[in-house]
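Undergrad: Before I ask anything, here is the structure I am working with.
The values are calculated or read from the model by the stated rules, or taken from the named source; none is laboratory data. The structure displayed is predicted, hence computed values, not measured ones. Here the Cβ is made from the backbone with ideal geometry for all residues, glycine too, and neighbour counts use every protein chain on show. The accessibility values were calculated without ligands, DNA or RNA, using every heavy atom of the protein model including side chains. Shrake-Rupley method; radii C 1.70, N 1.55, O 1.52, S 1.80 Å.
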Amino acid sequence: MSAADPAGPACFCRDCLADLDVAARRCTRCGSPRLVRHRTLAALTIAHIDCDAFYATVEKRDNPDIADKPVIIGGGKRGVVSAACYIARTFGVRSAMPMYRALEACPHATVIPPDMAKYVRVGREVRHAMQALTPLVEPLSIDEAFLDLSGTERVHGMIPAKVLARFARDVERDIGITVSVGLSCNKFLAKIASDLDKPRGFATLDQEEARTMLADKPVGFIFGVGPATQERLVQRGFRTIADLQRADEIELMRQFPSDGRRLWRLARGIDDRTVVPDRGAKTISSETTFESDIRDFATLEKILWRLCEKTSSRLKTSELAGSTVTLKLKTADFRQRTRSQSITAPTQLAAKIFSICREMLTKEIDGTAFRLMGAGVSALRAGSADDDTDMLDRRAAHAERAIDDLRKKFGKAAVIRGIAYDGPEKDAEE
């Protein structure tokens, strides 16, 4: 289609992009059955792109021997599943499931420890490809984002739907992973659409058909409706989205002053949020679940250093620094303790993150046994030399980056800090 054609096609082939009759079942040019059709196809401009089973797909790309096997990303008997491929999901394996339950459900799965540095690199490749389509890219996580392609038809010479189909095809060919695309008139419906045809999918949804599709869904299907809000809604007779669709807007606002109008609108597929570019990550962190509970400070300190190194590595890879450092602990009885401290200048140095976390950790050592620990940095901003705030920090930064250079050249084991030596823990990272 040319940019001069305002109506645009109602059906085209995802593989060769040929325009087709809306009743076509296969492409008349290449024979592909992968067609996109919608009566308002040319008018839809808001997309949600989600990489399919991202961590597991990257690992399968790098090891073709496991391409047709169930794969779980995670580790440790007491860890959790970071990701599961679609084969593993058919056995009931899900993200955040305890590893022991995942292996009970799928004992023949290939288990791979997370390699976040690799996933960040691949995620950045996909993000750069998105930004070549439009400057309006709003990242939601390492592997998904909203895009607004309004006004890009003249630039690309084709409607947004075709641009997205070509993008998905190019990512699969050039990066070696697959994505699913949801295309609609707003963010809420685009996100719903991207879940309709996974993996390697492309689904369209407009506001008119969304109302019917949403009607029988529980109210918890609406984003932002957690268990507590859902319970309040159910107590007042709102079990399904159809119940919200029948409600009077003013009455709903009276019963739910903070959420009523939003719920009324979303139940009808109305969402006026704009795509906000460059939102980026809010927090970068690493955590581990221990094989057995730990209360000894020296053991916890050694593990903490390794977590701080991993968090630091992710910050450096992402070219970010942060000014809030957080220590996360979970006790043997699953009670969570979160301690945070803000600092004057943003940091990405492992030594500084560790120093702050270690100080917070000392205050938590009271005989309590812990099953999980994490270290994170938030209040992020772009930067790589933000640690050079005084002479001591400059020396620490230079020394740490020299170690980073040696490890890049000779491997991670080239330089091991004394505190990290002989630390046997296994990680289950977020």
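Undergrad: May I ask you to give the percent of accessible area on the chain that is carbon plus sulfur, with a probe radius of 1.4 Å?
TA: 52
Undergrad: By how many nm would the segment from Asp296 to Glu104 lengthen if fully extended, with 0.36 nm per residue of separation less the alpha-carbon distance?
TA: That works out to 66.0 nm of additional length.
Undergrad: Cα axis of helix 391-410 to longest principal axis of the chain: angle in degrees, 0 to 90, nearest 10?
TA: 70
Undergrad: Counting other Cβ atoms within 10 Å, keep those with at most 12, restrict to DSSP loop, and tell me which trypsin sites (Lys or Arg not before Pro) in region 317-347 are left.
TA: Arg335
Undergrad: For region 125-182, just say rounded, prolate or oblate: build the C-alpha gyration tensor, square-root its eigenvalues into a ≥ b ≥ c, call rounded for a/c under 1.5, and beyond that prolate if a/b exceeds b/c, oblate if not.
TA: oblate
Undergrad: Follow-up. For Arg337, which sequence-distant residues (separation of 5 or more, or a different chain) have an amide H within less than 5 Å of its own amide H, given hydrogens modelled in the peptide plane?
TA: The answer is Leu329, Lys330, Thr331.
Undergrad: Dividing the convex hull volume of the Cα atoms of the chain by its residue count, what figure in Å³ per residue is obtained?
TA: Spread over its residues, the Cα hull of the chain gives 185 Å³ apiece.
Undergrad: For Cys11, Cys16, write out the residues from largest to smallest accessible area, computed with a 1.4 angstrom probe and no ligands counted.
TA: Solvent-accessible surface, decreasing: Cys16, Cys11.
Undergrad: Per 0.36 nm of contour for each residue apart, how much would the distance between Thr338 and Ile270 grow if the chain were fully extended, relative to their Cα-Cα spacing?
TA: Difference between extended and current length: 20.8 nm.
Undergrad: Can you grab the distance from the C-alpha centre of region 20-47 to the C-alpha centre of region 325-356, Å, no decimals?
TA: 50
Undergrad: Further question: Any idea what log10 I(q)/I(0) is at q = 0.25 Å⁻¹ for region 14-78, Debye with uniform C-alpha scatterers and no solvent?
TA: Computed log10 I(q)/I(0) values: -1.03.
Undergrad: Output the pairs from Lys282/Lys352; Lys198/Lys310; Lys69/Lys316; Lys330/Lys352; Lys118/Lys352; Lys69/Lys328 with a Cα-Cα distance over 27 Å in this structure; if there are none, say none.
TA: Result: Lys198/Lys310; Lys69/Lys316; Lys69/Lys328 exceed 27 Å.
Undergrad: Using a 1.4 angstrom probe on the protein heavy atoms only, line up Asp148, Asp174, Asp15 by accessible area, largest first.
TA: Per-residue accessible area, sorted high to low, gives Asp174, Asp15, Asp148.
Undergrad: Rounded if a/c is under 1.5, else prolate if a/b is larger than b/c, else oblate: which is region 219-344, with a ≥ b ≥ c the root eigenvalues of its Cα gyration tensor?
TA: prolate
Undergrad: Using only the alpha-carbon atoms, how far is helix 160-174 inclined from the longest principal axis of the chain? Give it as 0 to 90 degrees, nearest 10.
TA: 40
Undergrad: Return the long-range amide H neighbours of Thr347 (sequence gap of 5 or more, or a different chain), with a cut-off of under 5 Å between placed amide H atoms.
TA: Gly322, Ser323
Undergrad: If you count only protein heavy atoms and use a 1.4 Å probe, how large is the accessible surface of Lys60, to the nearest 10 Å²?
TA: Roll a 1.4 Å probe over it and Lys60 shows about 30 Å².
Undergrad: Then there is this: Taking amide H atoms as placed 1.01 Å from N in the peptide plane, list the residues 5 or more away in sequence, or in a different chain, whose amide H sits under 5 Å from that of Val111.
TA: Ile72
Undergrad: Rounding to the nearest 10 and keeping the result within 0 to 90°, find how far the Cα-based axis of helix 116-131 lies from the longest principal axis of the chain.
TA: 30
Undergrad: Next up: Please list Ile250, Ile343 in order of solvent-accessible area, largest first, computed with a 1.4 Å probe with all protein chains present.
TA: The ordering from most to least exposed comes out as Ile250, Ile343.
Undergrad: On average, how much accessible surface per residue is there in the chain, in Å², for a 1.4 Å probe, leaving out ligands, DNA and RNA?
TA: With all protein chains present, the chain gives 48 Å² per residue.
Undergrad: Separate question: Which Cα, out of Leu133, Phe146, Phe188, lies furthest along the positive dipole direction of the chain (beta carbon charges, K/R +1, D/E -1)?
TA: Phe188
Undergrad: For a test of the definition: using alpha carbon positions, the gyration tensor, and the 1.5 limit on a/c, classify region 97-160 as rounded, prolate or oblate.
TA: Judged from the Cα gyration tensor, region 97-160 comes out prolate (a/c at least 1.5, a/b above b/c).
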